[in-house]
Amino acid sequence: MAAENRVHAAAAAPPTSGPAAEGMTRRQLLRSSMFATIGAMFGLAAAGGGGMFWPIKLSGFGGIVPAPVKAHEMQVGDVVTVRDGKYYLTRSEDGLMALYWKCVHLGCTVPWNAAAGKFMCPCHASVYDITGQNIAGPAPRPLDMMEITVEPDGTVLVNTGKITERVRHEPEHAVKI
Ligand code: FES
């Protein structure tokens with residue numbers, strides 16, 4: 001009877017080696033990989049979701065690009081090229097504007113011609129005045145404008161990610177200074 005009990009006990013004890021023991025290890029391994037995979041999926045989801053709230057661009061074109069001059073330093077007729085932001089800061093009788101330098105005809109960069117006092121596109125001869133209003137050539141509308149904020153100390157912040165199309169120039173498009 002005692003020998004019978006010993007055999008029973010031996011049969012109930014967990015195997016420490018052999019195929020059964022390997023089976024346990026495989027199960028544990030599978031469970032660990034499953035948890036690791038789930039963890040990785042949550043990590044990726046969190047990273048992806050976090051990206052929605054992270055600002056895509058903080059500086060350079062697409063972000064805020066300050067003008068290199070203060071608002072009160074700009075005289076009527078002045079045009080300042082801001083390459084980082086791909087815009088011209090202009091001062092007309094209407095006020096300050098940040099004009100996107102991309103021609104609205106087919107996208108060439110439009111240079112300011114200081115002698116003529118106009119923006120003159122070299123590609124198909126569109127011409128714009130200092131407010132961006134198209135006055136000659138095939139351009140169908142004025143140059144697009146970017147949002148401007150003038151700080152109390154005169155710093156001009158241009159949001160190059162906020163570009164507005166317009167049908168024609170209106171005085172209220174400019175920021176009064
Ligand atoms: S791209 Fe400027 S006129 Fe055609």
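The values are calculated or read from the model by the stated rules, or taken from the named source; none is laboratory data. Everything numeric here is computed off the predicted structure, so don't read it as measured data. Note: ideal-geometry Cβ built from the backbone for every residue, glycine included; neighbour counts use all protein chains shown. Side chains are part of the model used for accessible areas, which takes the heavy atoms of the whole protein and leaves out ligands, DNA and RNA. Shrake-Rupley method; radii C 1.70, N 1.55, O 1.52, S 1.80 Å.
Of all the residues that make up segment 90-114, how many are within 18 Å of residue 167 (Cβ to Cβ), assigned to a loop (DSSP other than H, G, I, E, B) and away from the ligand (no atom under 16 Å from the Cβ)?
Count: 1.
Can you tell me which residue among 132, 117 is within 15 Å of the ligand (Cβ to nearest atom), assigned by TED's automatic domain parsing to the domain that holds residue 76, open to solvent by less than 70 Å² (accessible area, probe 1.4 Å) and under 22 Å from residue 67 (Cα atoms)? Let's see the steps before the verdict.
Working: 117 fails: within 15 Å of the ligand (Cβ to nearest atom).
Residue meeting the stated conditions: 132.
Can you name the residue in segment 135-150 that is within 13 Å of residue 88 (Cα to Cα) and open to solvent by less than 40 Å² (accessible area, probe 1.4 Å) and, of all such residues, is nearest to the chain's Cα centre (by Cα)? Spell out the reasoning first.
Of the residues in segment 135-150, the ones within 13 Å of residue 88 (Cα to Cα) are 143-148.
Among the residues that remain, those that are also open to solvent by less than 40 Å² (accessible area, probe 1.4 Å) are: 143-146, 148.
Details: 143: 21, 144: 18, 145: 17, 146: 15, 148: 17 Å.
Checked segment 135-150; the qualifying residue nearest to the chain's Cα centre (by Cα) is 146.
Residue pairs, Cβ under 6 Å, 6 or more apart or interchain, first in segment 95-122 and of a type in the set (A, V, I, L, M, F, W, C), second more than 11 Å from the ligand (Cβ to nearest atom) and modelled with pLDDT under 95. List them.
As it stands, the answer is 96/177, since those pairs meet every condition given.
Output the number of the condition that residue 87 fails; it satisfies all remaining conditions of (1) in contact with a strand residue (DSSP E or B) (Cβ under 6 Å, 6 or more places away or on another chain); (2) open to solvent by less than 30 Å² (accessible area, probe 1.4 Å); (3) within 15 Å of the ligand (Cβ to nearest atom).
Result: residue 87 passes all but (3).
Please go through segment 135-149 and pick out each residue that is within 11 Å of the ligand (Cβ to nearest atom) and under 23 Å from residue 71 (Cα atoms). Explain how you work it out, then say what you get.
First, the residues of segment 135-149 that are within 11 Å of the ligand (Cβ to nearest atom): 136-140, 143.
Across segment 135-149, the qualifying residue is only 143.
Kindly establish whether residue 81 is hydroxyl-bearing (Ser, Thr, Tyr), open to solvent by 40 Å² or more (accessible area, probe 1.4 Å) and within 16 Å of the ligand (Cβ to nearest atom). Steps first, answer last, please.
Values: hydroxyl-bearing (Ser, Thr, Tyr): yes; open to solvent by 40 Å² or more (accessible area, probe 1.4 Å): yes; within 16 Å of the ligand (Cβ to nearest atom): no.
Criteria not met by residue 81.
Only residues in segment 154-177 that are closer than 24 Å to residue 62 by Cβ count as the first member; pair them with residues that are assigned to a helix (DSSP H, G or I), Cβ under 9 angstrom, at least 6 apart or cross-chain, and list the lot.
Listed by first residue and then by second, the contacts come to 155/71; 156/71; 158/85; 160/84; 160/85; 164/173; 166/173; 175/71.
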